[in-house]
Structure formats: C-alpha cells, structure tokens
Amino acid sequence: MPELRVDREGFRLDGEPFRIISGGLHYFRVHPGQWRDRLRKARLLGLNTVDTYVPWNLHQPTRDRFVMDGGLDLPAFLELAAEEGLHVLLRPGPYICAEWEGGGLPSWLLAEPDIRMRTGDPRYLAAVDAFFGHLLPRMVPFLATRGGPVIAVQVENEYGAYGADGADPSHLGHLVDALRHHGVDVPLFTCDQPGDLARGSVPGILSTVNFGSRAAEGLAALRAHQPEGPLMCTEFWNGWFDRWGGLHVVRDAATAAAELDTLLTAGASVNLYMFHGGTNFGFTNGANDKHTYRPTVTSYDYDAPLDEAGDPTPKYAAFREVIARHAPVPDEPVPAPSKKLNLLGVPLPSSAPLLTSRSGASSGGPVRAERPLTMEELGQDFGFVLYQTPLAKAGPVLLHTESVRDRAQVFLDGRPVGVLERESHERALAFTVPEGGATLSLLVENQGRVNYGQGIHDRKGLTGPVTLDGAEPAVWIHHRLPLDDLGGLLFAPTTEPAVGPAFHRGTFDVEEPADTYLDLTGWTKGNAWINGFALGRYWSRGPQKRLYVPGPVLRAGSNEIVVLELHATARPVVDLRDTPDLGPLEE
C-alpha cells in the first residue's frame, strides 16, 4: 500500500497530493460476520479510508491475558479493509472515549486505590507500556511502510479537554516514544476540539481538530494553532449518541451535508464520526457524569450514514452526493437494505431466579470481607455484584450508602424493598426487619463506567461505607456476577411470576437467519442474549425500545433466547421485529 507523508502544504501519498476522506467504523461494535459488508459500503460512499479505535479493556481484560480473536481479531479487520482498497487510521488510545465503557481503559487499573490515569503516574504508564507491547508488534506488519493499510496512527484522544482539568500532559510524550519504540513509523497525529488544541498537542506531531458544525471556524482555529501542514477534522460529528431517559438524537441530513461540503471545499481532510456506529453489545456502553450520572444506551446508531443494521440512510445519499463533488465515487449502485426477520409472540416459558440461582451465573466462590469491596477489588469488570449481610435485630432500619455505583436493588430474604440509583442521587432507604431477622441483599449493577473527564476514575459496586442505623455491619459476603457465562443456570418451567430478578428462557425457529430487532415491550429492565451472544441492555425508561440482533448470531433451525429481567414482566413473551425503534426524536 502507498505511504502517507505530511508536508507544509498537506498530505502526500507516494509523492502525490492526497486528501483523506474517511469514516469511523469500530470493528468491536460490529459482528465480525458483517465487517466485509460495512467496509464495502464505506468504499461505495466514496471513502478512501476507515478509522477505528482499539479498546484496551476488551483486548486485555486482565493484566495477564491479551485477546485478539473472534470479534477482536483486528488483524483480520485490517486485512479486509486492505482487500476493499481502503486505508486505515488506527487510534490505539490507550484512552479512546468513544462513549465506551471507561473510555476503553481496563477496570483492573482501578484496583489501585489512588492511581491517576491518563497521567505520568508510573503505575499507569507501566500498564500502558505492557498493553502496547502486546498490541503494537501485531500492528506493525499492517503499517503502510510495510505494505499494509494503516497510513497514520493517533496519539491518545482529545487530551486537551482532559488537560483542562489539571492532568499531566507529559505522558503524551511518553506515548509518542512508545509508539516509535515499537516500530510505528507512519505519521502520528493528535485530535482535539478547537478550544483545546494547545493543551492536547505534541511538538512535532500533526494536530487535527474535532467538530460537528461551524466548519469554517473549526478549521480556522486549527490553522491559527498550526500555521502550516494539512487541515483535517478527525471527528466530524454527523450525529450523536443517546442516553437512557433521554430522547433519540438525530441530525438533519441536509444540514450535516452542507457542513461536510464546506469542510471539503476548504481543501481539508475529514473523518466522519461515525460512518457506521454499530452497537454497544453486552455491558460495553459508557456513561457521562457532569454532576449527574448518565449511562449511554445499547444502540450506537449515532444517526450515521449507515444505520445500526448497516443499511444506508438518507444521510448516506446526501454525503455521497457531496463527496462526489470533490473526489471520485464508485460508479456502483447503493446497496439495498438487508433482509429482516419478523417473528411475533416468542414465549419464554422457563425461568431461573437470580438470587437463588446465582451459583449458576457467578464467577468463583463467595468472598467474605469486613467491608463492601468494589468490583475492581473483586477482580470484576462488567455485570453485577450481590452484597449480603445478616440482620439479627427486628424492627425499622435506615440503610445509608456513601456511594452506589450505579444502581442497587435492595432485598430482605429475597423480597424487594427498594432501589437506590446513582443517577437520582439516592443514598438512603428505610425498611422493617421481620421477627427472627433476615438477610439483607444489595444487587448492584455496573451501568457503564464514565468515559469522559476525571470521572473515568469510576469504581463500581458499593464504593464506600454502608451503615444500618449508623453502624457498619461486621461482615459482607460478595457474589460476583459478571454474566459472561450462563451455562450453569438451571431453568425450570415458570409456574408463577418471579419475585425479584430472574432469567427467562425460550426457543424459536427460523428458516433463514437475518437481521432482526428484539422487542421487549412490557418488560422493565435487564439484559438479553441470543444463542449465548450478549445483545446488551434494555430499559423501559427508553428511548431505545428494541435491541439489534445481527443476522450472523442466528442459525437455521432452533435458537435460544435468554432475558434477565431485574424487576418484572406481566407477560414473558418477546417479539422479533423487522424495524428498529430507537424512541422519540430530539432534533
């Protein structure tokens, strides 16, 4: 593949002037069986490049384990991009933001009580160096200087915004040195919003800018900061993400296309954020916390040119028309939407109560401690922790928690007595202990680690003292429930409505697998799996009402569906619909 060079006038590819016209496509948010389809549609839009982050937390789930296969087979994704004739912008972090759990930083870093991430803290940099030691040697063969598709690599991600909070920018130099040490000899670049360019830049490294509107102003800010060299918008925000309890955010296609035209007319390079958003499968969504915690929904549709199922939207057509004014666009028809499956009334006739079936979904045995331990102290990243302590004295009790991260369902002998939500700033709950005493249980859910700002130091579970009438219990028993393996659950026919959280199971047959959307109308809150594939979270709070099911997850014949309902459903039946429903619009 040709090599990219940066000179005073702009980019050059094998000595010829070159403009990057790229689109964001995160391999880890797309089923690997659909990578080739999405890449082909990127080329047909007129893109010559795709961009992807690398999620450290998935590739290195524990300090001693590195994963790069299946849906994390980045080399396979890069090979497919090259086969499609696309260049790649690689953004390995270590921090990526991306509305992704913890901004991509692995949860095990937070087992260190006072670690300072995204700084020169030696513990943080040692972990980064180990990650780069695993990742980068596998990436070097895919650099353009070795004949591969990767033409440039990003250093960190929007560090200027973090630096504004008093962070330590010296570690950016450390990252540059680490990239070069491991043989990354293609151009490096940083990206920041216009007001953060000075804080997020590194001397000698190309600066780029991020914005979604006022393109002329954004490019002018970049030129004022960097008087010569290429103009590039690394994140042209053509849509936005949704949060639970909000509205589905969309951006007018004509308005976005006009801004893109302004950007390209100025001679700038661009990366659409996003070209195709995909899905926060499983427990991978992030969250924001600007004085109030706001978790991101499962869908990362992003109102992008390709929707969550990979179908072209009106924005795809509008952008293709704009790009054609400035660069060659393949003379091929825009692909039609994929076939969708519609199957109504799928019963889930068997169940397994979570509190009494926890051993079938737990990781390791119970952990006993004198205080509540955080998820990170327990060596857990995603899912739930069940905290239990005995209560001997009967009568009214006031439960007070210093901090619930992020949502605690409270039970006495398995019977619900209330919920404490971080988002609602709830910390206290009163209840009555029956004669003879009871077991107090708090089922605490990690709803997504904060992915932006100093809030990334977001430990989960019960993260401070818990008192009962002002006194701390003498002992806590912890049950780890990451829910990464449901194979140990023992389902039985449902004979009466479950009291408290329960798994519900059913099967359905299909003749030909196809994309579909799981409709959980009538259910309250929880998670869903099909054939063991974790689709993500659902919540009646909305706005998202249906979960995307990639066609490759299904198989011809019998398929299994499992739904964890944390509260209750009046009717344990689900539908598979042929259209999405991301909720009412915020325009």
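The values are calculated or read from the model by the stated rules, or taken from the named source; none is laboratory data. What you see is a predicted model; the values in this text were computed from it and never measured. Here Cβ is always computed from backbone atoms with ideal geometry, including for glycine, and neighbour counts include all displayed protein chains.
Screening the candidates Arg138, Arg146, Arg118, Arg123 for the property of being closer than 25 Å to Asn288 by Cβ and not aliphatic (A, V, I, L, M) yields one hit, Arg118.
Within region 558-579, which residues are farther than 16 Å from Tyr538 by Cβ and in a strand (DSSP E or B)? Ser558, Asn559, Glu560, listed by residue number.
The sole residue among Leu391, Leu398, Leu386 that is touching a residue at least 60 places away in the same chain (Cβ under 8 Å), exposed (fewer than 15 other Cβ atoms within 10 Å of the Cβ) and farther than 23 Å from Asn280 by Cβ is Leu398. Taking region 505-536, which residues are in contact (Cβ under 8 Å) with a residue 40 or more places away in the chain and among the β-branched types (Val, Ile, Thr)? Passing the criteria: Thr507, Val510, Thr516, Thr521, Thr524. Looking across region 202-238, the residues that are hydrophobic (A, V, I, L, M, F, W, C), within 25 Å of Tyr316 (Cα to Cα) and free of Cβ contacts under 8 Å to residues at least 60 places away in the same chain come down to Val209, Phe211, Ala215, Ala216, Leu219, Cys233, Phe236, Trp237. The criterion of at least 2 residues that are closer than 25 Å to Asp381 by Cβ and among the hydrophobic types (A, V, I, L, M, F, W, C) is met, among strands (runs of 3 or more DSSP E) falling completely within region 466-557, by 476-481, 502-510, 525-530, 533-539, 546-549. Applying the condition of being surrounded by fewer than 21 Cβ atoms within 10 Å (Cβ to Cβ), β-branched (Val, Ile, Thr) and not in a helix (DSSP H, G or I) to region 218-258 and asking which residue is farthest from the chain's Cα centre (by Cα) yields Val250.
Taken across region 208-217, residues that are crowded, with 23+ Cβ neighbours inside 10 Å, of a type in the set (Phe, Trp, Tyr) and either in a strand (DSSP E or B) or at positive phi (or both) do not occur at all.
Take the residues of region 450-461 that are touching a strand residue (DSSP E or B) at 6+ places or on another chain (Cβ under 8 Å) and in a helix (DSSP H, G or I): which is nearest to Ser403 (Cα to Cα)? Applying the filter and picking the extreme gives Gly455. Considering region 487-508 alone, what residues qualify as being within 26 Å of the chain's Cα centre (by Cα) and surrounded by fewer than 19 Cβ atoms within 10 Å (Cβ to Cβ)? The answer is Gly487, and nothing else. Of note, Gly267 does not satisfy the criterion of being small (Gly, Ala, Ser) and either modelled with pLDDT under 95 or buried (at least 16 other Cβ atoms within 10 Å of the Cβ) (or both).
Mind telling me which of the residues Val329, Val334, Val346 ends up being more than 17 Å from His479 (Cα to Cα) and in contact with a Pro (Cβ under 6 Å, 6 or more places away or on another chain)? Break it down into steps so the answer makes sense when it comes.
Working: Val329 fails: in contact with a Pro (Cβ under 6 Å, 6 or more places away or on another chain); Val346 fails: in contact with a Pro (Cβ under 6 Å, 6 or more places away or on another chain).
Of Val329, Val334, Val346, the one residue that is more than 17 Å from His479 (Cα to Cα) and in contact with a Pro (Cβ under 6 Å, 6 or more places away or on another chain) is Val334.
Of note, Gly448 satisfies the criterion of being among the small types (Gly, Ala, Ser), touching a Pro at 6+ places or on another chain (Cβ under 9 Å) and under 30 Å from Asp192 (Cβ atoms).
A search for C-beta distances below 7 Å between a residue of region 103-127 that is over 18 Å from Asn157 (Cβ atoms) and of a type in the set (Asp, Glu) and any residue that is assigned to a helix (DSSP H, G or I) and at pLDDT 95 or above, counting only pairs 6+ apart in sequence or on different chains, returns Glu112/Arg123. The set of residues in region 121-153 being part of a loop (DSSP other than H, G, I, E, B), within 22 Å of Leu80 (Cα to Cα) and either out of contact with any strand residue (DSSP E or B) (no Cβ under 6 Å at 6 or more places or on another chain) or among the hydroxyl-bearing types (Ser, Thr, Tyr) (or both) consists of Gly147, Gly148.
Let's see how each residue does on (1) under 19 Å from the mean Cα position of the chain (by Cα); (2) assigned by TED's automatic domain parsing to the domain that holds Leu247; (3) of a type in the set (A, V, I, L, M, F, W, C); (4) part of a loop (DSSP other than H, G, I, E, B):
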site	(1), (2), (3), (4)
Asn288	yes, yes, no, no
Pro295	yes, yes, no, no
Asp301	yes, yes, no, yes
Tyr316	no, yes, no, no
Arg320	no, yes, no, no
Asp331	no, no, no, yes
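Arg320 falls short on exactly one of the conditions (1) among the basic types (Lys, Arg); (2) surrounded by 13 or more Cβ atoms within 10 Å (Cβ to Cβ); (3) within 22 Å of Gly437 (Cβ to Cβ), and that condition is (3).
Just checking: which of the helices (runs of 4 or more DSSP H) contained wholly in region 1-120 hold 2 or more residues that are in the same structural domain as Tyr162 (by TED's automatic domain parsing) and farther than 21 Å from Thr296 by Cβ?
Output list reads 35-45, 74-83.
The rows are residues; the columns are (1) buried (at least 23 other Cβ atoms within 10 Å of the Cβ); (2) under 30 Å from Pro94 (Cβ atoms).
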| residue | (1), (2) |
| --- | --- |
| Leu481 | no, yes |
| Val510 | no, no |
| Lys545 | no, no |
| Tyr548 | yes, yes |
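Counting only residues that are touching a Ser or Thr at 6+ places or on another chain (Cβ under 8 Å) and assigned to a loop (DSSP other than H, G, I, E, B), which one in region 349-365 is nearest to Arg571 (Cα to Cα)? Per the stated criteria, the residue is Pro349.
Restricting Pro347, Pro305, Pro312 to residues that are assigned by TED's automatic domain parsing to the domain that holds Asn527 and at pLDDT 95 or above narrows the list to Pro347.
Please indicate, with yes or no, whether at least one residue in region 126-134 is surrounded by 15 or more Cβ atoms within 10 Å (Cβ to Cβ) and either among the β-branched types (Val, Ile, Thr) or closer than 23 Å to Arg5 by Cα (or both).
Start the filter on region 126-134 by keeping residues that are surrounded by 15 or more Cβ atoms within 10 Å (Cβ to Cβ), which leaves 127-129, 131-132, 134.
Those still in the list that are either among the β-branched types (Val, Ile, Thr) or closer than 23 Å to Arg5 by Cα (or both) too: 128.
Checking region 126-134: at least one residue is surrounded by 15 or more Cβ atoms within 10 Å (Cβ to Cβ) and either among the β-branched types (Val, Ile, Thr) or closer than 23 Å to Arg5 by Cα (or both).
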